[in-house]
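Working notes, structure below.
FYI, it's all coordinate maths here, none of it is from the lab. Because the structure is a prediction, the values reported are computed rather than measured. Cβ atoms come from the backbone with ideal geometry, glycine included; neighbour counts cover every protein chain shown.
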């Protein structure tokens, strides 16, 4: 009997430490698992950042609100109210380019010689500056205000201009028509000779201005050697000499020439009142 009690005591004494270790390990694992579950479902708290109310939308200073309005069909009241200039200037021709800086205007003082070539930013007689060159008009800036310089109407050419310098206006108009008449006649009789005298070379894509072109013609029309005249008043030229002759004849009747010139990659539009 005594041996039996001794055996039971020894079994309990050896099993007790193992049981304690198992209980402690289970408790530690339970605590660790509970910790990770809490972190997963609760998330990491972070302080809320108050919105910055000082931020605002800034429009670049180069954006013109008037230009934005015109995109939606609005009319600029200031532009529509721009008056014609009172300066004694005459617009003799325009050389329009897709690049505004390359556009040119042929302007002369009424009764004072031949026209001069001006570009945007140049000052014209009378204290005004050229702000920009647009379709058939030149916008001037004088004393901080815009003024418009337009081509003379046929009635103005015969009345207003004649009142200032009657002989000069009539002589200039007659000279232009004589040049066109002679050119049309020479093209009809001897096309190659006429083109050679003008320093023009005909191709299927227009007339190319050569280095032998008269300097006076280059200066008057703002042309350069290498330029190619591709159309006159909307009609292509160069493919048919007879058709080109008819175009010149129509110029005599209309009194207006709108010439499209190809200069490298630039397309220029030359407009002249004859």
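Among 131, 84, rank each residue by its count of other Cβ atoms within 10 Å, from fewest to most, as a rough exposure measure.
In increasing order of surrounding Cβ atoms, one gets 84, 131.
Describe numerically, in nm with one decimal, the distance between label points set 7 Å from Cα along Cα→Cβ at residue 233 and at residue 99.
Those two pseudo-labels are separated by 3.2 nm.
Which residues does the label zone of residue 135 cover in the stretch 213-242, counting backbone N under 18 Å from a point 7 Å along Cα→Cβ?
Output list for this probe position: 231-235.
Subtracting the Cα-Cα distance from 0.36 nm times the residue separation, let me have the gained length for residue 254 to residue 142 in nm, one decimal.
Difference between extended and current length: 37.0 nm.
When the expected Rg is taken as 2.2 N^0.38 Å, what fraction or multiple of it is the alpha-carbon Rg of the stretch 205-267?
Against the compact-globule rule of thumb, the ratio is 1.11.
For the pair residue 112 and residue 219, how long in nm is the line joining their label points, each one 7 Å along Cα→Cβ?
Here the modelled spin labels are 1.8 nm apart.
Stretched out fully, how many nm does the piece from residue 88 to residue 123 gain, at 0.36 nm a residue minus the Cα gap?
11.2 nm
Full extension from residue 204 to residue 153: what is 0.36 nm times the residue separation minus their Cα-Cα distance, to one decimal in nm?
Result for the pair: 14.9 nm of gain on full extension.
What is the order of 124, 82, fewest Cβ neighbours within 10 Å to most?
The fewest-first ordering by Cβ neighbours comes to 82, 124.
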